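Take this structure first; my questions come after.
The values are calculated or read from the model by the stated rules, or taken from the named source; none is laboratory data. In this text, all values refer to a predicted model and were calculated from it rather than measured experimentally. No Cβ is skipped: glycine too gets one built from the backbone with ideal geometry, and neighbour counts run over all protein chains shown.
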Amino acid sequence: MKPTLAALLLLTVHAMAANPVMPGADPHATIIDGTLWLHPTRSKGGGTFLAFSSKDLVHWQERGPILDFKDIPWVAADGRAKHGAWAPCLVAKGGKYYFYFSAGPQDPTHPSRIGVATGDSPAGPFKDSGKPLLSGGNGFEAIDPMVFINPADKRPLLYAGGSAGSKLRVFELKPEMTSILREIPVETPPQFTEGAFIHHHGSLYHLTYSHGNYRDDTYSVHYATSTSATGPWTYRGVLLKSDDRHKGPGHHAIVEDPKLGWLIVYHRWEAKGPGPYTGSRQIAIDRITYGADGFLKPVMQTDEGVSR
């Protein structure tokens, strides 16, 4: 019996599924109307951001630039010649999309900053709010924004920080999503370096974050839980770490796919040895699951990846 054309096409799609899915780093992942959207660190010709979307997790459409630093006067106002467009985050609320981003790097005279821009689509274009949302300094590096709307009370919370001070800070945003209402004092969880991500599942808030140096094999994802979105945190160990051929996995997002279940989207180096590594980091997608105890189970990096 010969396979139908539809079956052959399905086999072809699955045969094409592979990790890594594209060059890039610091991917924020969101599922919108069944489409997976990625907003990574991946600049084209300077301080720009791009977006990528896929319905099957195999074929990706590039959009953008969706935001360009040349259109944001406050970025260049610090006098630095070049700025890194890093580690964005996308949040939908009230029919609008809010795009949070890092403008770095940081040094003693030029602190890093986090900005926010608004658009009508995850593909942009996004219009900046006109001012930084948060600035670094005094031992705190304002990078790696993660905005989470707490399902318990609908308050928008901004998680930020890492690297220079390895400090996590949490802020409640005003309902309009583009300014800070107040800071909420929190403890920094064990082994925290940067790249916080939080989601709610079961009765717990699951906080995952990067640890180590992003250029070597110490970079990894660690895990803590709490019954509150702001801690205190119970440390749960290492979730994702280097193996023989895939090094420095980190700065990730966790999403629930309507067909595949829970996925972790992260960057890694396709390399051997302890590092430091050079070249381009790569974005990979793998499955992540919960155990019978309700906690996330350690993730194995794969070359196969996932597809619908």
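Whether any residue in the stretch 248-261 is surrounded by fewer than 16 Cβ atoms within 10 Å (Cβ to Cβ) and closer than 23 Å to T188 by Cβ is what I want to check.
Taking every residue of the stretch 248-261 in turn, none turns out to be surrounded by fewer than 16 Cβ atoms within 10 Å (Cβ to Cβ) and closer than 23 Å to T188 by Cβ.
Something else: Pull up the stretch 226-239, narrow it to residues that are aliphatic (A, V, I, L, M) and either assigned to a strand (DSSP E or B) or in contact with a Cys (Cβ under 8 Å, 6 or more places away or on another chain) (or both), then point me to the one that is farthest from A284 (Cα to Cα).
V238
Those residues that are out of contact with any Ser or Thr (no Cβ under 6 Å at 6 or more places or on another chain), of a type in the set (A, V, I, L, M, F, W, C) and either more than 20 Å from R215 (Cβ to Cβ) or modelled with pLDDT of 95 or more (or both), I need them from the stretch 160-176; list them, please.
If the condition is that a residue be out of contact with any Ser or Thr (no Cβ under 6 Å at 6 or more places or on another chain), of a type in the set (A, V, I, L, M, F, W, C) and either more than 20 Å from R215 (Cβ to Cβ) or modelled with pLDDT of 95 or more (or both), then A160, F171, L173 are the ones that fit.
Is it the case that some residue within the stretch 174-184 is in a strand (DSSP E or B), under 29 Å from D107 (Cα atoms) and in contact with a Leu (Cβ under 7 Å, 6 or more places away or on another chain)?
Yes, the stretch 174-184 has at least one match.
Go through the stretch 252-278 residue by residue and tally those that are part of a loop (DSSP other than H, G, I, E, B), farther than 25 Å from C89 by Cβ and not hydroxyl-bearing (S, T, Y).
Within the stretch 252-278, residues that are part of a loop (DSSP other than H, G, I, E, B), farther than 25 Å from C89 by Cβ and not hydroxyl-bearing (S, T, Y) number 6.
Just one of (1) modelled with pLDDT of 95 or more; (2) surrounded by 16 or more Cβ atoms within 10 Å (Cβ to Cβ); (3) over 18 Å from the mean Cα position of the chain (by Cα) trips up E183, so point out which.
Result: E183 fails condition (2) only.
Right, something else. What are the residue pairs meeting all of these: first residue in the stretch 260-282, first residue more than 21 Å from A87 (Cβ to Cβ), second residue of a type in the set (D, E) and crowded, with 20+ Cβ neighbours inside 10 Å, Cβ atoms under 6 Å, and 6 or more apart or on different chains?
Close Cβ pairs (under 6 Å, with a partner that is of a type in the set (D, E) and crowded, with 20+ Cβ neighbours inside 10 Å) amount to P274/D217.
Give the number of residues within the stretch 191-248 that are basic (K, R), modelled with pLDDT of 95 or more and either within 18 Å of P27 (Cα to Cα) or touching a Lys or Arg at 6+ places or on another chain (Cβ under 7 Å) (or both).
So the answer is 3.
Could you tell me which of the residues S242, S210 is among the hydroxyl-bearing types (S, T, Y), in contact with a Ser or Thr (Cβ under 9 Å, 6 or more places away or on another chain), without any contact (Cβ under 8 Å) to a residue 60 or more places away in the chain and not in a loop (DSSP other than H, G, I, E, B)?
Result of the check over S242, S210: S210.
Would you pick out the residues in the stretch 143-156 that are surrounded by fewer than 19 Cβ atoms within 10 Å (Cβ to Cβ) and outside any loop (DSSP other than H, G, I, E, B)?
If the condition is that a residue be surrounded by fewer than 19 Cβ atoms within 10 Å (Cβ to Cβ) and outside any loop (DSSP other than H, G, I, E, B), then I149 is the only one that fits.
Looking only at the stretch 99-130, filter to residues that are of a type in the set (S, T, Y) and in contact with a Gly (Cβ under 8 Å, 6 or more places away or on another chain); which one of those is nearest to T30 (Cα to Cα)?
Of everything passing the filter in the stretch 99-130, Y100 is nearest to T30 (Cα to Cα).
Right, here's the next one. Based on this model, can you work out whether F69 counts as of a type outside the set (G, A, S) and in contact with a helix residue (DSSP H, G or I) (Cβ under 9 Å, 6 or more places away or on another chain)?
yes
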